Amino acid sequence: MTAHRPLPDGHDGPAAGRFAPSPSGDLHLGNLRTALLAWLFARTTGRRFLLRVEDLDRVRPGAEDRQLADLRALGLDWDGPVSHQSQRRAGYDEAIGRLASAGLVYECYCTRREILQAPSAPHAPGGAYPGTCRDLTPAQRAERRAARPSPALRLRSTVAECTVTDVLHGEYTGMVDDLVLRRGDGTPAYNLAVVVDDAAQGIDQVVRGDDLLSSAPRQAYLAATLGLAVPEYAHVPLVLGPQGKRLAKRDGAVTLADFAAAGPGAAARALSAIAVSLRLADPRETVTAETLRTRFSPSSLPRGPWVYHPA
Ligand code: GLU
């Protein structure tokens, strides 16, 4: 199936972009670069820019405050209050309820290990849920439920793949399986929460790291199934550490706090390094987010990853 990009509807305000960090620790240069790009995409297209804290799990105390402070230090601003997924449970429950009424939800009793060890269903692409619990008889269900009284909920997907439109990757087709909607511990699943929130917030442009490109078809399919608008995507290249792997704290001086430990002007130095990597500034040039806004154009964005060598 192809999830076309409908016009944003059902929203009074103008269209919006967003940055949606998980408050699991300090933002590093890769996260900050993605945040800057999301801001630039939104601010150069007349969109509002929203900040959403994805705090359904992996919350580290104090991380959110430091993340917001770091974004402000780079010169990024956002519209309206910061939203929190932990405050949005009713919206997720409502979406699951609607899918359940349409017969599109089933209980899954599988453990992670069972899924990994299950022979994959014929035609199921690698990594897809093999459908073990999809068509159980009532007796089998009762037996499985006795062993695992708090099952996860999965979407009964009717397609194997879906195509999305990405500003940087063009038409991208990826796998759609019976994705988890609510985990066994009751936590709404990431894919569900993102889709419900993006639609509720009028977000019609999703800019994020390209490690999430393969999730976009699932999310677009889920949005379309819920009758929600499918956003335009821009999955931007990740920042890699010196070993060629995704940049991580262990690579050294990668957060603004690390930069600050090395001397004054931490945010300006980080912004400058990011701007040079985006070919929006010359080395040693002092720039502001506002200057970058006047120079930004998606078509001149470098398409490959940025390999960063911490000082
Ligand atoms: N919260 C996710 C993360 O920090 C991003 C989700 C998204 O942008 O869709 O990786």
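Based on the alpha-carbon set only, what is the convex hull volume of region 138-295 divided per residue, in Å³? Mind showing how you got there, number by number?
Details: hull volume 29.7 nm³, N = 158.
It comes to 188 Å³ per residue, whole-number rounded.
Could you tell me what percent of the DSSP beta bridges with both partners in region 153-311 are antiparallel, to the nearest 5?
Antiparallel bridges: around 55 percent, rounded to the nearest 5.
If we count other beta carbons within 10 Å of each Cβ, what is the order of Val254, Val164, Val180, fewest first? Don't skip to the end; give the middle numbers.
Details: Val254 24, Val164 27, Val180 19.
The order, fewest Cβ neighbours first, is Val180, Val254, Val164.
For a label point 7 angstrom out from the Cα of Arg303 toward its Cβ, which stretches of region 252-289 have the backbone nitrogen within less than 19 Å?
277-280
Once you've got the GNM for the chain with C-alpha springs shorter than 10 Å, pick whichever of Pro14, Pro151, Pro138 has the biggest mean-square fluctuation.
Largest GNM mean-square fluctuation: Pro138.
Taking the Cβ of Leu168 as the centre, find all other residues whose Cβ is under 13 Å away and add up their charges (Lys, Arg: +1; Asp, Glu: -1).
It works out to a net charge of -2.
Could you please rank Ser157, Ser22, Ser86, placing first whichever residue has the fewest other Cβ atoms within 10 Å of its Cβ?
On the way: Ser157 22, Ser22 19, Ser86 15.
By the 10 Å Cβ count, ascending: Ser86, Ser22, Ser157.
What percent do you get for the relative contact order of region 194-311 when only Cα pairs under 8 Å and 6+ apart count?
On the way: 130 pairs, mean separation 28.8, N = 118.
This gives 24 percent for region 194-311.
Could you list Phe41, Phe19 so that the one with the fewest beta carbons within 10 Å of its beta carbon is first and the one with the most is last?
Phe41, Phe19
How many nm separate the modelled label positions at Ala69 and Ala102, each set 7 Å beyond the Cα in the direction of the Cβ?
Each label point is offset 7 Å from its Cα along the Cβ direction, giving 4.4 nm.
Go ahead and run the numbers for FRET between Ile115 and Ala262, Cβ-Cβ distance against an R0 of 30 Å, rounding to 0.05.
That gives a FRET efficiency of 0.10.
Please work through the chain and write down the cysteines that have no neighbouring cysteine Cβ at a distance under 4.7 Å.
If one checks each Cβ against the other cysteines of the chain, Cys110, Cys162 turn up with nothing under 4.7 Å.
With a point put 7 Å past each Cα toward its Cβ, work out how far Arg295 is from Val167 in nm, to one decimal.
Going by the 7 Å Cα→Cβ label model, 1.8 nm.
Under the √(5λ) rule applied to the eigenvalues of the Cα gyration tensor, what semi-axes describe the equivalent ellipsoid of the chain? Give them in Å, descending. Before the final figure, lay out the partial values.
Details: eigenvalues 271, 89, 69 Å².
After scaling each eigenvalue by five and taking roots: 37, 21, 19 Å.
Dividing the convex hull volume of the alpha carbon atoms of region 51-112 by its residue count, what do you get in Å³ per residue?
Convex hull volume per residue, Cα atoms: 140 Å³.
So for the chain: antiparallel DSSP bridges make up what percent, rounded to the nearest 5?
Taking every DSSP beta bridge with both residues in the chain, the antiparallel ones total about 50 percent.
Within the P(r) computed for region 10-116, what percentage of the Cα pairs occupies the region above 16 Å?
Percent of Cα pairs beyond 16 Å in region 10-116: 68.
Which length gain, in nm to one decimal place, applies between Arg141 and Thr286 when the Cα-Cα distance is subtracted from 0.36 nm times their residue separation?
Working it through step by step, the gained length comes to 45.9 nm.
Work through the residues other than Phe49 whose Cβ is under 12 Å from its Cβ and net out their charges, Lys, Arg +1 and Asp, Glu -1.
+4
Springs between alpha-carbon atoms under 10 Å, Gaussian network over the chain: tell me which of Pro188, Pro130, Pro231 tops the mean-square fluctuations.
Pro130
Any read-out appearing in this document is the output of simple, stated calculations on the displayed coordinates, not a laboratory observation. Remember, predicted model here, so these are calculated numbers, not experimental data. Note that we place each Cβ from the backbone using ideal geometry, even for glycine, and neighbour counts take in every protein chain shown.
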